[in-house]
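Accompanying notes for the structure given below.
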Amino acid sequence: MRAVIPAAGIGKRLRPHTLNVPKVMINIAGKRLIGHVLDAVESAGVDSVSIIIGYKGDQVTEYVNKYYPHLRLDFPYQTERKGLGHAVLEGLEDKEESVLILLGDTVFDVDFKQFVSNKNDAIAVVKVDDPRRFGVAEVDETNRINKLVEKPEDPKSDLALAGLYFIKDQRVLKAALEKLITDDIKTRGEYQLTDALQLMIENGQHIQAVEINGWYDCGTKESLLDSHRFLLTHHLSTEQSQGCIIHPPVFIHAEAKVDNSIIGPNVTIDRGAEISNTILTETIVGKGAVIKDMILSNSLIGDHAAVAGQKRVVNVGDYSELKLN
């Protein structure tokens, strides 16, 4: 089975942490975000992956080729950002083969193997309080989708599209996306995947809404820390560091140095970081960062940053230096 993963986003809302790396290359819970996404699709039986790259895409290519050489990989470059539909089309093939589509900056709380076992095309949905901010699925009593609407002003459903799609014959979706572009059908100035799927529905395609537990889009500091918490709790945790008190779940890289500190819960400390006389909770510490004499919570510390001082909530980018006296 094939997967298409759009990963060309700049990540403006996460700056300064995306000045030097694309959003999908941020390290959380001991692994780059794109690595967590690839682990998930592998669990569904995917062996061929098309990752749509853009901003600083060479970093994505280098990382994925190094750590996932067993997958058949290609990296289409999206020169113009014309919408999610345009990005997905870059990765589709003219083959009668199923395809799993998911966003490269999103963590899903779902059993992927079960999701792709659906006998029909499937779209993951989550009930939300304010559907106007999302694509929305209107369904019948069997959860078959009869209409998809992108960010409706007057939503008829509370089922938001979570950004996870399973299409049993990718040629059908490819044809629908090509029609959008040929006929220049845009919503809010972009070629939307939602509109292509709606064309398929209008042509009689059976697409099932599958409600999942939730998703984390990693687009802001707050949502990134939520994803971090989920990944540590469900997938990865190391709980030992000599001379320190550890409150799991945490991830401490084997090459990090942590001394006389209290770590956790929900903390990642990356390779080469040095932590001393510090209390950390709900925090991600980048590689090579140095933190001394601090109490930090709900914070992001970039690669090679240096932070020393008193209790604060901070958002420090790569190669920054912050001293609080």
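Each Cα pair under 8 Å and six or more residues apart adds its separation to the average, and for region 237-323 the resulting relative contact order is 18 percent. For Arg171, neighbours were defined as the other residues whose beta-carbon sits under 15 Å from its Cβ, and their charges (Lys and Arg +1, Asp and Glu -1) total -2.
Of all GluC sites (Glu not before Pro) in region 93-147, which ones are in loop regions per DSSP and have a Cβ with at most 16 other Cβ atoms within 10 Å? Please report the intermediate quantities before stating the final value.
Values: sites: Glu93, Glu96, Glu97, Glu138, Glu141; in loops: Glu93, Glu96, Glu97, Glu141.
Answer in residue order: Glu93, Glu96, Glu97, Glu141.
Principal-axis analysis of the Cα atoms of the chain puts helix 33-43 at an angle of about 50° to the longest axis. Above 20 Å, the calculated P(r) of region 168-312 contains 58 percent of its Cα-Cα pairs.
Nearest 5 percent is fine: what portion of the DSSP beta bridges confined to the chain is antiparallel? Before the final figure, lay out the partial values.
Working: 22 of 71 bridges.
Around 30 percent antiparallel, to the nearest 5.
Counting DSSP beta bridges in region 1-156, what percent are antiparallel, to the nearest 5? Antiparallel bridges: around 35 percent, rounded to the nearest 5.
What percent does the relative contact order of the chain come to when contacts are Cα pairs within less than 8 Å and at least six residues apart? Rounded, it is 15 percent for the chain. Remark on Gly135: its backbone amide H falls under 5 Å from those of Lys151, Leu161, a criterion applied only to residues 5 or more positions apart or on other chains, H modelled at 1.01 Å from N.
The percentage of C-alpha pairs in the chain whose separation is greater than 36 Å is 23%. Would you give the gap between the C-alpha center of region 156-185 and the C-alpha center of region 2-59, rounded to a whole Å? If you average the Cα positions of each part, the centres end up 21 Å apart.
Whole-percent P(r), region 237-323, all Cα pairs, 5 Å bins from 0: 4, 18, 31, 31, 13, 3.
Relative to its Kirkwood radius, the Cα radius of gyration of region 145-226 gives an Rg/Rh of 0.99.
So what is the 222 nm mean residue ellipticity for the chain from helices alone, if each DSSP H run of at least 4 adds -39500 (n - 2.57) and you divide by all residues, rounding to the nearest 500 deg cm²/dmol?
On the way: 7 runs with 71 residues, N = 325.
That comes out to -6500 deg cm²/dmol.
None of the figures in this text is laboratory data; all of them are computed from the coordinates on show. Because the structure is predicted, anything quoted here is derived from the model rather than measured. Here Cβ is always computed from backbone atoms with ideal geometry, including for glycine, and neighbour counts include all displayed protein chains.
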